[in-house]
Amino acid sequence: MEAKDIARLELSEQEMRDYGYKVVDAIVEHHLNQHKKKPVAQASREEMDSLLREHAPEAPTAANEVFDTVMEKVMPFTNIMSHPKFYSFVPGPSNYVSAMADALATGFNVFSGGWAASPAAAELEIVTINWLLSLYGFPKKRGGGIFTSGGSMANLTALITARNIKCGDDFSKAVIYLSDQAHSSNIKAIRVMGFRKEQIRLIPTDLEFKFAINKLKNAINKDRLAGWKPFCLLASAGTTNTGTVDQLTELAAIAKAEDLWFHIDGAYGGAAILAKNGKQLLKGVEKADSLTVDPHKWFYQPYEMGCLLVRNHKWLSGTFTEVPEYLKDVEGNSSEINFYDHGIQLTRRFRALKFYMSIKTFGLKAFREAVQYNFDLCEKVESILRKSKKWEVVSPATLAVINFRYNPIDQNLSEQELDALNSKISEGVVDSREAMLVTTILNGQTVLRMCLINPRTTLADVEETIALCEKMAD
């Protein structure tokens, strides 16, 4: 690097090419060989400080040296969310085409906030949002949506819109209803919006972890009699714990009868619509006023990419449009959508590109087959566990999630012993770094939870993990 280039924050042409090839080579190597690596990264704050902590350097460092430092001291200390044996939380399988699309979007530094800044970016977001509207049976002309950083921001955007449409400026008596299995991002969103704890109704779930309908109806009636204003009902299409889909059709009818905004959080399970029986599993999703889906989960996109769909795009623009003096010249006409008018962010990255390029490259049929494979794999795993004398299925295969615990039929272990044993199994597996498999709590029981949405996870991978669990138990 010459001094004049450094001051302009530039590399020479050859340096840029060489650097780019190194980055691409590293990404390709990762995609080809990640299954040979350990999916779990472990390090203490002290260890990471010793590796990376330093004062901001005044002098330059050779680009290749910085790159080598990152490859040696940063990347090995990150969990591999796309690893075939990463089963916990919601894995991030991703795909190479989308990763390269993100590189393009970042390399060209595309501003995807308004039409005037990038008509093509806005148009691709319109196109891909329309693909999703069609997939979920939302109105094609009136419907709309926006890509967000993830489900948390999509849920927040939905609930702010619901509050605006249903409550206006006064939401002091507004009440929202969600189940005790709803994702924590919804509670966070509600609190961020300024609602008090007494305005949140967590409705218990039934034995299948679905909304207890009668308790919901009782809560709504009780609130109306007490002078509250019920305004929103939030359902789950694929809970994180069990993959459960609430009774969407029945809940939609309640929302309509009670004049409630009906929001469905399908951040995890929304992509199940691609499976053979997906429409049946998500029956009623088309009745939502708003729907969250996360392409960076089961649509196999890299982080960050969430999505909010709404039945009427004017609900978004009516909620979020602000026209300060520095934007009045670029507002455009009504057909030229400025996505900063449809959500919270003004500055937005070009998220639509990776979705567009990967769907175009592989075809929707390939995505359908991948999701169906995940369904089938999870059901095979359930069958194996049920035939074993060592394992108990606590929550069956549902939207590629299964919960089970080690409970040998010949040992008559107490509930406390079982909880401790399964916690130790998870701890041992994670400490081995061979797989990421952690616990959750269902009906007061500590269970192992496996989320199988990686299309590159094989039955052999799971069988090896179950064998490892049994070894830890012994």
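The values are calculated or read from the model by the stated rules, or taken from the named source; none is laboratory data. Owing to the predicted nature of the structure, the values given are computational and were not obtained by experimental measurement. As a convention, Cβ positions derive from the backbone with ideal geometry for all residues, glycine included, and neighbour counts pool all protein chains shown. Heads up: the accessible areas ignore ligands, DNA and RNA and are worked out on the full protein's heavy atoms, side chains in. Shrake-Rupley method; radii C 1.70, N 1.55, O 1.52, S 1.80 Å.
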Requested in this report: State the number of residues belonging to the range 165-187 that are in contact with a Ser or Thr (Cβ under 7 Å, 6 or more places away or on another chain) and open to solvent by 60 Å² or more (accessible area, probe 1.4 Å).
Outcome: 2
Report task. Mind telling me which of the residues P60, P84 ends up being part of a loop (DSSP other than H, G, I, E, B) and loosely packed, with under 15 Cβ neighbours inside 10 Å? Result -> P60
Query - Among the residues listed as S134, S50, S98, the single one being surrounded by 13 or more Cβ atoms within 10 Å (Cβ to Cβ) and either in contact with an Asp or Glu (Cβ under 6 Å, 6 or more places away or on another chain) or in a helix (DSSP H, G or I) (or both) - result: S98
**Report entry** Count of the range 208-242 residues which are in contact (Cβ under 8 Å) with a residue 40 or more places away in the chain, under 30 Å from the mean Cα position of the chain (by Cα) and either open to solvent by 10 Å² or more (accessible area, probe 1.4 Å) or closer than 13 Å to I176 by Cα (or both)
**Finding:** 12
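Condition (residue is part of a loop (DSSP other than H, G, I, E, B), over 27 Å from A43 (Cβ atoms) and among the basic types (K, R)) applied to the range 379-389: is it met by at least one residue?
Yes, the range 379-389 contains a residue that is part of a loop (DSSP other than H, G, I, E, B), over 27 Å from A43 (Cβ atoms) and among the basic types (K, R).
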**Report entry** Output for the range 33-47, where each listed residue is closer than 25 Å to Y96 by Cβ and open to solvent by 90 Å² or more (accessible area, probe 1.4 Å)
**Finding:** H35, K36
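Of everything in the range 432-474 that's polar (S, T, N, Q) and within 25 Å of T205 (Cα to Cα), which residue is most open to solvent (accessible area, probe 1.4 Å)?
The extreme case among them is N443.
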Query raised in the report: So which of S44, S12, S50 is hydroxyl-bearing (S, T, Y) and closer than 29 Å to S423 by Cβ?
Result: S44
Requested in this report: Would you point out which residue out of K279, K188 is under 21 Å from the mean Cα position of the chain (by Cα), in a helix (DSSP H, G or I) and modelled with pLDDT under 95?
Outcome: K279
Requested in this report: Answer yes or no: is there a residue in the range 137-147 that is basic (K, R) and over 17 Å from D289 (Cβ atoms).
Outcome: no
Query raised in the report: When the residues of the range 333-350 are filtered to those that are open to solvent by 60 Å² or more (accessible area, probe 1.4 Å) and small (G, A, S), which remaining residue is nearest to A101 (Cα to Cα)?
Result: S335
Report summary line: Note on T319: of the conditions (1) open to solvent by 60 Å² or more (accessible area, probe 1.4 Å); (2) β-branched (V, I, T); (3) more than 17 Å from S112 (Cβ to Cβ), unmet is (1)
Query - Residue check, A252 aliphatic (A, V, I, L, M), at pLDDT 95 or above and surrounded by 24 or more Cβ atoms within 10 Å (Cβ to Cβ) - result: no
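Out of R405, R368, which single residue is among the charged types (D, E, K, R), open to solvent by less than 20 Å² (accessible area, probe 1.4 Å), modelled with pLDDT of 95 or more and closer than 30 Å to L282 by Cβ?
R405 is the lone residue from the list that is among the charged types (D, E, K, R), open to solvent by less than 20 Å² (accessible area, probe 1.4 Å), modelled with pLDDT of 95 or more and closer than 30 Å to L282 by Cβ.
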Query - Matching residues in the range 1-32 - criterion: being open to solvent by less than 50 Å² (accessible area, probe 1.4 Å) and either over 20 Å from T69 (Cα atoms) or in contact with a strand residue (DSSP E or B) (Cβ under 7 Å, 6 or more places away or on another chain) (or both) - result: D5, S12
Query raised in the report: What residue, among those in the range 188-207 that are among the β-branched types (V, I, T) and surrounded by 20 or more Cβ atoms within 10 Å (Cβ to Cβ), is nearest to A226 (Cα to Cα)?
Result: I203
Query raised in the report: Would you pick out the residues in the range 256-276 that are closer than 19 Å to H183 by Cβ and part of a helix (DSSP H, G or I)?
Result: G269, G270, A271, A272, I273
